[in-house]
Amino acid sequence: MSQDRRQPEDAAKAAVFEALKSKAASELGEDPHAHAGPPSLVSRLEDLLVGGFALSALALCSYNVVVRDLFPDLVLDLVEEVQVYLIVWAVLLSLGSVTLQDRHVKADLFLSMFPARLRRASEILANLLGLLFGGMLLWYGAFAAYDSWDFNEVSTSSLRFPMWIFIASLPAGGLALTVGYLRRLYAQLSIKN
């Protein structure tokens, strides 16, 4: 292979290597643009709620697994239903912090190969679209939760759980996502080129 053909290949490999190196550095917290400082009260409260919901779901599941083998009469039939409610609430409440920490799924390897101005424009557009999605989730989720409350919907299990509480996780997640994207956009637009 001639020397002329190797140079573009080497340049492409170097670009991919730099993109991976940059991604690894940001994932490990070595990003110079990352926000450093103590977590806010809202962030701590969110961590407690999300962790509490997930831990409660795990505890309920563990209880049923142990009791099912040892004392079958003590198995709770409502555990699977409550687990779903707790996990959905935990996931949707964590949307804001996932957005702020830039931990959501994205094609950042490809994006990191763009020139700086195009990369910044793409990130702003992605944040605007995320903000739009969060607002829609908040808006339509609030209507769905209200309808569920208005019709007095309950689960079909023996628990008869009010479904509006479960459906209210949609606007709560939408609010968290909207606030996360608003904060990202504000930080991004306040940085000068």
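Which net charge results when you count Lys and Arg as +1 and Asp and Glu as -1 among the other residues whose beta-carbon is under 13 Å from that of S122? Let's see the in-between values first.
Working: positive: K106, R117, R119, R120; negative: D108, E123.
Here the count lands on +2.
Could you check the spin-label model distance between L111 and L48? Points 7 Å from the Cα along Cα→Cβ, value in nm.
Here the modelled spin labels are 3.3 nm apart.
Below 13 angstrom from the Cβ of S155, what's the summed charge of the other residues (Lys, Arg +1; Asp, Glu -1)?
Working: positive: R160; negative: D77, E80, E81, E153.
Local net charge: -3.
Counting Lys +1, Arg +1, Asp -1, Glu -1, what net charge surrounds Y181 among other residues with beta carbon under 14 Å of its beta carbon? Write out the running numbers ahead of the final one.
Values: positive: R103, K106, R183, R184; negative: D102, E123.
Every neighbour counted, the sum reads +2.
Calculate one ³J(HN,Hα) per residue across the range 138-148 by plugging θ = phi - 60° into the Karplus curve 6.51 cos²θ - 1.76 cosθ + 1.60, and present them in order as whole Hz with x for glycine and proline.
Once θ is set to phi - 60°, the couplings for the range 138-148 become 5, 5, 6, x, 5, 5, 5, 5, 5, 4, 5 Hz.
Starting from the Cα gyration tensor of the range 39-190, multiply each eigenvalue by 5, take the square root, and state the resulting semi-axes largest first in whole Å. If you can, show how the numbers build up before the last one.
Details: eigenvalues 270, 76, 32 Å².
The three semi-axes for the range 39-190 are 37, 19, 13 Å.
Would you mind checking which residues have amide H under 5 Å from V154's amide H? H placed 1.01 Å from N; only 5 or more apart, or other chain.
M163
None of the figures in this text is laboratory data; all of them are computed from the coordinates on show. Please read all numbers here as calculations on a predicted model, not as lab measurements. Please note: Cβ atoms are built from the backbone with ideal geometry, for glycine as well, and neighbour counts cover all protein chains shown.
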